[in-house]
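To start, the structure itself, in structure tokens.
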Amino acid sequence: MEDLVPSSEATKISGVDFANHSFAKLDDLPAASVSQTDLVVALQSAFWDIRHPRQTAWGEHIPFMFSLMTLAKPRRFVELGVYNGASFLAACQAVRRCNLSTTCVAIDNWLGDVHAGSYSEDVFDSFVAVLSDYDAFAGYIRKEFDQAHVQFADGSIDLLHVDGFHTTEAVQNDFETWLPKMSKRGIMMFHDTNEFREGFGVWRFWQSVRTKFPHFEFMHGHGLGILLVGDRSPLREMFGGGGIPAPVLSNEFLQAMFEGIGRLAWESTWRDKQNALAIKNMKNSTFWRITVPLRALKRLVRRKK
């Protein structure tokens, strides 16, 4: 394994495969102040076009991911459980668009599990093909979470998204294993906090852990819990004054806003993608090819009128 990468060089890592990289502790910077201008810019980012629409249960949270990355400006973002990369690529999109000094690390075995089903190798290949567009600051580690965590020093992650195996025991283990890796600005996200199907236990873990840290939660999109584990997280100001407008302090306000934006953005994005795919399939069809002369004749007739 390579020597630990100094935090000042975190954004200089390049090359999609991070299997042999180690990630050093991030500097203990003072708590970042959040201004009303910062909030406005973050909210504006929620309305970006989604560049990488993929079939996912996470789609309705992508506008929030844009806002979170814009506001928190994490120096290192790590995702546990990536699948086809819908949420991870959204974070990469935000890093590029905002020119953030962020290293993004995707961790998965890309084999699947009993909840998600088994993955074909095409899922991994497709993800890496898109990820290569962000290889100046993003890469993957294809390992089990418990194997990959040794590559991260304590205090080396600002933002962690946990979306792996969804039993109570598994997510509890992910939390306990990776909590020491979080910086003083640390924020942890847990997907499926509002999913109660048999075998899903994130909700049970979330009900316990949220009593120990400042937090907020979205109930749409199967639920997303945000836990402020670092005592210097910039988001703490949203729950503790600091000149932030009163409505922002309300979880209900955040829920209503991002649920509306998330559902509208994802439904329109997915509809546009499906329409584009339908048009592409139609133009590749035998019917489209054999009717080329008829369409040419129709255009010719129109020009002569």
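Values quoted throughout were computed directly from the atomic coordinates according to the rules given, and no laboratory measurement underlies them. Please read all numbers here as calculations on a predicted model, not as lab measurements. Cβ: placed from backbone, ideal geometry, glycine included. Neighbour counts: every protein chain shown.
What whole number of Å gives the distance from the Cα centroid of the range 117-137 to the Cα centroid of the range 159-212?
Rounded to whole Å, the Cα centres lie 24 Å apart.
Set the Förster distance to 22 Å, then compute FRET efficiency between Ala136 and Ser22 from the Cβ-Cβ distance, nearest 0.05. Don't skip to the answer; put the middle values down first.
Numbers: r = 19 Å, r/R0 = 0.86.
Once rounded, the FRET efficiency stands at 0.70.
So what's the net charge close to Gly225: Lys and Arg +1, Asp and Glu -1, counting the other residues with Cβ under 14 Å from its Cβ? Before the final figure, lay out the partial values.
Numbers: positive: Arg204, Arg210, Lys212; negative: Asp163, Asp174, Asp192, Glu195, Glu217.
Once positives and negatives cancel, what remains is -2.
When Ser156, Ser208, Ser101, Ser45 are ordered from fewest to most other Cβ atoms inside 10 Å of their Cβ, what list results?
Ordered from fewest to most neighbouring Cβ atoms within 10 Å, Ser156, Ser208, Ser101, Ser45 come out as Ser208, Ser101, Ser45, Ser156.
Just rank Glu169, Glu198, fewest to most, by other beta-carbon atoms within 10 angstrom. Kindly include the intermediate steps, with their values, before the conclusion.
On the way: Glu169 11, Glu198 5.
Ordered by Cβ neighbours within 10 Å, fewest first: Glu198, Glu169.
List the aspartates and glutamates whose alpha-carbon lies under 14 Å from that of Lys25, not counting same-chain residues fewer than 8 positions away?
Lys25 reaches Asp3, Glu9, Asp154, Asp158.
Tell me the label-point distance for the pair Ser35, Ser208, using the 7 Å Cα-to-Cβ offset, in nm and rounded to one decimal.
Modelled inter-label distance: 4.3 nm.
Taking the C-alpha atoms of the range 137-224, how large are the radius of gyration and the largest Cα-Cα span, Dmax, in Å?
13.2, 38
Using modelled amide H (1.01 Å from N, peptide plane; none on Pro or chain starts), what sits under 5 Å from the amide H of Cys104, excluding residues fewer than 5 places away?
Phe77, Ala138, Gly139
Above 28 angstrom, tally the Cα pairs of the range 7-263 and express them as a % of all pairs, no decimals. Intermediate results must be reported in sequence, preceding the final value.
Working: 8736 of 32896 pairs.
So the portion of pairs separated by more than 28 Å is 27 percent.
Given Cα pairs under 8 Å that are at least 6 residues apart, what percent is the relative contact order of the range 126-196?
34
With θ set to phi - 60° and the Karplus curve 6.51 cos²θ - 1.76 cosθ + 1.60, what are the ³J(HN,Hα) couplings of the range 40-53 in order, to the nearest whole Hz, using x for Gly and Pro?
With coefficients 6.51, -1.76 and 1.60, one gets 5, 5, 5, 5, 4, 5, 5, 9, 5, 5, 7, 6, 10, x Hz.
For the range 131-138, just list the computed ³J(HN,Hα) in residue order, Karplus coefficients 6.51, -1.76 and 1.60, θ = phi - 60°, integers in Hz, with x standing in for Gly and Pro.
These are the phi-based 3J(HN,Hα) values: 4, 4, 5, 10, 5, 6, 9, 9 Hz.
Do me a favour and compute the ellipsoid semi-axes for the range 80-195 from its Cα gyration tensor, root of five times each eigenvalue, largest one first, whole Å. Display every interim value, and only then the final one.
On the way: eigenvalues 85, 77, 33 Å².
Ellipsoid half-lengths, sorted descending, are 21, 20, 13 Å.
Counting only residues 5 or more places away or on other chains, whose amide H sits under 5 Å from the amide H of Phe152 once H atoms are built in the peptide plane?
Residues meeting the amide H criterion: Phe23.
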